[in-house]
Every structure is written in C-alpha cells, then in structure tokens.
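The values are calculated or read from the model by the stated rules, or taken from the named source; none is laboratory data. Predicted model only: the values in this text are computed from it and were never measured. Because the Cβ atoms are built from the backbone with ideal geometry, glycine has one as well, and the counts that use them run over all protein chains shown.
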Amino acid sequence: MACFCFLVDQTRKVRSFKPVAGSCSRCGGGASVADMRTSTRFCYVPFYWKSWRAIICTFCGAILKSYR
Ligand SMILES: [Zn+2]
C-alpha cells in the first residue's frame, strides 16, 4: 500500500486569476478569482483532471470559496 502513495499524486495549478473585492478570513490578504486545474497522475501519467473556479487568497493561498 505504501508504494501506491508514491505512484499517485495530485497537482493543483492556477491557470489565471484576477483580483476581486474581498479579503481573506485567515490573513486579511486580497482575494482573487482563479481558474484552477487539478490533475491526478498515476506513475507520472495524467489520467484525470478537471478545471474549476475558486476565490483564493493571493497572499496565503487559502481557498475562500469554490464553484464546482
Ligand atoms: Zn489569506
């Protein structure tokens, strides 16, 4: 089972973002609307990915709200 953990990984990328009104509830930093892409890889080969949109904090990276 331990091997399985090394073979599968998930990466989250921010493709683009633009600032919106609002602030982070954790650090008070500025919020942005971001187009995110999550991809899951097995043995370094992507086999599943999805695009989604979320409001994130540009300072600490916290996800404040997500639209799935
Ligand atoms: Zn923050």
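Details
- Checking each residue in the stretch 40-68 for being assigned to a strand (DSSP E or B), of a type outside the set (A, V, I, L, M, F, W, C), more than 16 Å from the ligand (Cβ to nearest atom) and within 18 Å of Phe17 (Cβ to Cβ) picks out Lys50, Ser51, Arg53, Tyr67.
- Residue match in the stretch 1-21 (condition: modelled with pLDDT under 90 and among the small types (Gly, Ala, Ser)): yes
- Within the stretch 33-68, the set of residues being over 11 Å from the mean Cα position of the chain (by Cα) and of a type in the set (Phe, Trp, Tyr) comprises Phe42, Tyr44, Phe47, Tyr48, Trp49, Phe59, Tyr67.
- Scanning the stretch 13-28 for residues that are away from the ligand (no atom under 15 Å from the Cβ) and surrounded by 12 or more Cβ atoms within 10 Å (Cβ to Cβ) gives a single hit, Lys13.
- The number of residues in the stretch 29-50 being surrounded by fewer than 12 Cβ atoms within 10 Å (Cβ to Cβ) and either of a type in the set (Phe, Trp, Tyr) or modelled with pLDDT of 95 or more (or both) comes to 3.
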